[in-house]
Amino acid sequence: MSAEPLLRVENLRTVFRTSGGEVAAVDGVSLEVPRGRTLGIVGESGCGKSVLSLSIMRLLAHPGRIASGRVLLEGRDLAALSAAEMRAVRGRDIAMIFQEPMTSLNPVHRVGFQIAEAIRAHEPRASAAELRERGIAALKRVRIPSPERRFDEYPHQLSGGMRQRVMIAMALACSPKLLIADEPTTALDVTVQAQILDLLRELQAETGMSIILITHDLGVVAEMADEVAVMYAGRVVERAPAAALFEDPQHPYALGLLGSIPRLDEERERLLAIAGAVPPPFALPKGCRFHPRCPFAEEACRAEAPLLREVVPGHAVACRRAPVEQSLAA
Ligand SMILES: Nc1ncnc2c1ncn2[C@@H]1O[C@H](COP(=O)(O)OP(=O)(O)OP(=O)(O)O)[C@@H](O)[C@H]1O
Ligand SMILES: [Mg+2]
């Protein structure tokens, strides 16, 4: 494995223009994804996970834009590419799958046509016969039974799990180096969710692709991610190898998230739930953005925003208290 990560995001800031002025939904995020590895990004609703992934893909809808920072894919800054250059990167180098496969597949076109279009976007000279063959191969690759028959069906003829497999097949049709999966299994029931996660893991082992996996679900992260970034109000507040995060969470927000995992071995179903919600980008508190919800907040936390700093090698935390010895739950 090369030392240079596949993707390096540096100090990325993404803003939206609102009636009240510009607000940053992603505010100084830095992270790395090594080749062949999975980065999990977790955080509650509204913390900026999707805006971050859309920024990396350069798929932000107006009035969103990248205000500053770099998105280096193999050293090339995607944030600085033209729209045409970026179209060539999308699909070929980076692909994305979303939460709700029904809204991402076009209901009026057959599944096979949509896969063929995804391939043709990057290989305009492929013949119809080649596209069909490659499309069927793509369906086979994501373990869809009777791929020849499915190729000619419409999205509504497929189950939710099958549609998500089709989305994965489309995303992987041109063998991207990086797959961004934004809540890829939340809409699916637990059994199907486990199958899709298994599939992603198998495909990663086959292809060596890197994955950014965005989820609310810490159970999914524990199972899938090598490294985890915890986001809060547009920032990364903790970043660590997955095992280290689960064994030794440092940020009070991470502790809170972990505490809200249902523990079957405990009498109480929930150990801790964090009161309140993520503040929207137009109403951020001064100082540490988590302080209004933090059980440990002190005067200094209200005054000054803590920087993300390494407290143990490989484990970075944006909290004045870090490093702390014992967890909240103890
Ligand atoms: N087009 C937009 N204009 C203004 N604000 C936006 C826009 N898109 C997103 N935001 C705001 O940016 C913040 C981050 O949103 P984002 O969708 O990235 O959250 P998320 O972490 O993906 O949440 P979820 O878990 O619900 O998917 C939210 O406060 C959201 O309201
Ligand atoms: Mg989202």
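The values are calculated or read from the model by the stated rules, or taken from the named source; none is laboratory data. Note that the coordinates shown come from a computational prediction; the quantities given were computed from them, not determined experimentally. Cβ: placed from backbone, ideal geometry, glycine included. Neighbour counts: every protein chain shown. Only protein heavy atoms, including side chains, enter the accessible area calculation; ligands, DNA and RNA are left aside. Shrake-Rupley method; radii C 1.70, N 1.55, O 1.52, S 1.80 Å.
On the stretch given as segment 134-186, residues that are of a type outside the set (G, A, S) and within 16 Å of ligand 1 (Cβ to nearest atom) total 6. For segment 182-210, the candidate set comprises residues that are buried (at least 16 other Cβ atoms within 10 Å of the Cβ) and over 21 Å from M162 (Cβ atoms); within that set, the residue that is nearest to ligand 2 (Cβ to nearest atom) is S210.
Applying the criterion of being more than 19 Å from E4 (Cα to Cα) and of a type in the set (V, I, T) to the residues of segment 195-230, the residue that is nearest to ligand 1 (Cβ to nearest atom) is I214.
Could you check how many residues of segment 125-146 are open to solvent by less than 40 Å² (accessible area, probe 1.4 Å) and farther than 20 Å from L197 by Cα?
4
Of the residues screened, A95 is one that is touching a Pro at 6+ places or on another chain (Cβ under 8 Å) and assigned to a strand (DSSP E or B). Taken together, the criteria exclude P176 from residues that are under 30 Å from D248 (Cβ atoms) and crowded, with 20+ Cβ neighbours inside 10 Å. One residue stands out in segment 37-56 among those that are within 11 Å of ligand 2 (Cβ to nearest atom) and aliphatic (A, V, I, L, M): the one that is most open to solvent (accessible area, probe 1.4 Å), namely L54. For segment 77-95, the count of residues that are more than 30 Å from D152 (Cβ to Cβ) and hydroxyl-bearing (S, T, Y) is nonzero.
Helices (runs of 4 or more DSSP H) fully within segment 139-216 that include at least 1 residues being free of Cβ contacts under 8 Å to residues at least 12 places away in the same chain and under 19 Å from the mean Cα position of the chain (by Cα): 190-207. All of V33, V89, V15 fail the test of being within 16 Å of ligand 1 (Cβ to nearest atom) and either without any contact (Cβ under 8 Å) to a residue 12 or more places away in the chain or in the same structural domain as I274 (by TED's automatic domain parsing) (or both), apart from V15. Out of S68, S45, S53, one residue alone is within 16 Å of ligand 1 (Cβ to nearest atom) and not in a loop (DSSP other than H, G, I, E, B). It is S53.
Taking segment 275-327 on its own, how many of its residues are over 27 Å from the mean Cα position of the chain (by Cα) and not charged (D, E, K, R)? Total satisfying the criteria: 8.
The residue pairs whose first member lies in segment 65-76 and is at positive phi, whose second member is part of a strand (DSSP E or B) and charged (D, E, K, R), and whose beta carbons are closer than 9 Å, counting only pairs six or more residues apart or on different chains, are G69/E10; G69/R13; G75/R8.
If you check A61 against the conditions, is it within 12 Å of ligand 1 (Cβ to nearest atom), on the phi < 0 side of the Ramachandran plot, part of a loop (DSSP other than H, G, I, E, B) and over 16 Å from the mean Cα position of the chain (by Cα)? So A61 passes the test.
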